[in-house]
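The values are calculated or read from the model by the stated rules, or taken from the named source; none is laboratory data. Keep in mind it's a predicted model, so treat the numbers as computed, not measured. Here the Cβ positions follow ideal geometry from the backbone for every residue, glycine too, while neighbour counts run over all protein chains shown. SASA here: full protein model, heavy atoms, side chains in, ligands and nucleic acids out. Shrake-Rupley method; radii C 1.70, N 1.55, O 1.52, S 1.80 Å.
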Amino acid sequence: MWSTSPWPCPSSPGNRQTSKRSPVTVGVMLFCSIRAYIAATKVKTVLQPVHLDASEPWEKWAGLPRGACDVIVAINLLQYSSFKTVEGVVKGSGQILRQNGLLITHGPYAINGTITPSCLEDLDQELREMNPGWGLPDIDVLRQLAFGNGMRMERMIEMEQYNKCLVFRKR
């Protein structure tokens, strides 16, 4: 189990409020929410949610063919993932996205190997204690991975709680 994001910077030690949920519980809740939205709105442009393991080759991603998606969104995923999974998200997105498609990620990141402020250093340490393969991904590493997989980082948007939204576009 892990604490869900956002990870606010406490004004004093021990001031962080967390909510414990298992990844399975969160996934089931999100899938139910997406299914309910599709049913209520009768939207035709949103597919039913599917479970996929981004550490697996993209060909195993729910049978999606090359160039099948306009947008892939990864919210608070990368910091809870091994480098193999992060690499899989980027490589797979480079295959699954159509030309000009977007990979949008959201979460806390290191920038050129530096993690600031101190609450994000604490978060990175906590994640690595839970799983040595986890931790804040570095934006420069993501940019290089994206470039090597046919995408370029188009924007970095500052968000709340020291998070960032990164937008990568398929060339």
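Could you order Phe83, Phe147, Phe31 by accessible surface area, starting with the largest, using a probe radius of 1.4 Å?
If we order Phe83, Phe147, Phe31 from most to least accessible, we get Phe147, Phe83, Phe31.
Using Cα centres only, tell me the gap between the stretch 37-61 and the stretch 84-140 in whole Å.
Computed from Cα coordinates, the inter-centre distance equals 21 Å.
Subtract the Cα-Cα distance of Ser118 and Asp140 from 0.36 nm times their separation in residues, and report this length gain in nm to one decimal. Could you put the intermediate results ahead of the total?
Working: separation 22, 0.36 × 22 = 7.92 nm, distance 1.99 nm.
Gain on stretching Ser118 to Asp140: 5.9 nm.
How far apart, in nanometres, would the label points at Met29 and Ala62 be if each is projected 7 angstrom from Cα along the Cα-to-Cβ direction?
Each label point is offset 7 Å from its Cα along the Cβ direction, giving 2.0 nm.
Could you give me the percent of Cα pairs per 10 Å distance bin for the stretch 90-144, shortest bin first, beginning at zero and ending with the bin that holds the maximum distance?
P(r) over the stretch 90-144, rounded to whole percents: 21, 43, 26, 10.
Excluding residues fewer than 8 places away in the same chain, name every one of the lysines whose C-alpha is closer than 28 Å to that of Lys170.
Lys44, Lys60, Lys84, Lys91
Report ³J(HN,Hα) in whole Hz for each residue of the stretch 43-54, in order, from the Karplus equation J = 6.51 cos²θ - 1.76 cosθ + 1.60 where θ = phi - 60°; Gly and Pro get x.
4, 9, 9, 10, 7, 4, x, 9, 7, 9, 10, 5
In whole Hz, with x marking every Gly and Pro, tabulate ³J(HN,Hα) for the stretch 166-171 from phi via Karplus 6.51 cos²θ - 1.76 cosθ + 1.60, θ = phi - 60°.
For the stretch 166-171, the Karplus curve yields 10, 10, 10, 10, 6, 7 Hz.
What Rg and what Dmax come out for the stretch 121-171 when only alpha-carbon atoms are used, in angstroms?
Considering the stretch 121-171 through its Cα atoms, Rg and Dmax are 13.1, 37 Å.
For the pair Asn76 and Asp53, what calculated FRET efficiency results from E = 1/(1 + (r/R0)^6), where r is the Cβ-Cβ distance and R0 = 30 Å, to the nearest 0.05?
Between Asp53 and Asn76 the formula returns 0.95.
Could you order Lys91, Lys84, Lys170 so the one with the most accessible surface comes first? Probe is 1.4 Å.
Lys84, Lys91, Lys170
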